[in-house]
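These notes concern the structure reproduced below.
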Amino acid sequence: MSDYREPDRNDVVQALLYLAAYVAALVAGAFFLMPKYWYLMLIIVLGCFLLLVRWQTRAFGYECESCGSRFDISLAANLTAVNWGTRRYLRCPECGRRRWVRTLAKNGSRDRGTGEGR
Ligand SMILES: [Zn+2]
């Protein structure tokens, strides 16, 4: 059972760091591997993308503003859901409605609970 809280600046910074690391891996991969080892490049692109999505799936939950329920989504749902800033278009498991839901951070998604981690 997870506790949800409002996403704060640390969550945004963490997300941006992961995204930057992903882009850096792609640039490095393209530089060293292309075009000869394009299949390795493909593995890096897809592998890192899945890692990124898996982290995001674990670190964030969602709140339905219609019925107020808070819920997680699966990795597959995360891959297919439309993302717009801090909102996503998802089906609420409680009331069954498809709607834009609010993104929440989950407690325990950080390794150490002080909120001061880098
Ligand atoms: Zn709902």
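A count restricted to the range 34-70 and to residues that are more than 18 Å from D11 (Cβ to Cβ), among the hydrophobic types (A, V, I, L, M, F, W, C) and either touching a Gly at 6+ places or on another chain (Cβ under 8 Å) or away from the ligand (no atom under 16 Å from the Cβ) (or both) stands at 12. Taking every residue in the range 54-79 that is assigned to a helix (DSSP H, G or I) and pairing it with any residue that is within 16 Å of the ligand (Cβ to nearest atom) and of a type outside the set (D, E, K, R), at least 6 positions away or on another chain, the pairs with Cβ-Cβ distances below 9 Å are T57/I73; T57/A77; A77/L90. Outside any helix (DSSP H, G or I) and of a type outside the set (S, T, Y) - does that describe any residue in the range 45-53? The answer is no, given that none of the residues of the range 45-53 is outside any helix (DSSP H, G or I) and of a type outside the set (S, T, Y). Check the range 94-104 and report whether any residue there is within 16 Å of the ligand (Cβ to nearest atom), of a type in the set (F, W, Y), modelled with pLDDT under 95 and in contact with a Phe, Trp or Tyr (Cβ under 9 Å, 6 or more places away or on another chain). Yes: one or more hits.
The values are calculated or read from the model by the stated rules, or taken from the named source; none is laboratory data. These numbers come from a predicted model, not from an experiment. Note that we place each Cβ from the backbone using ideal geometry, even for glycine, and neighbour counts take in every protein chain shown.
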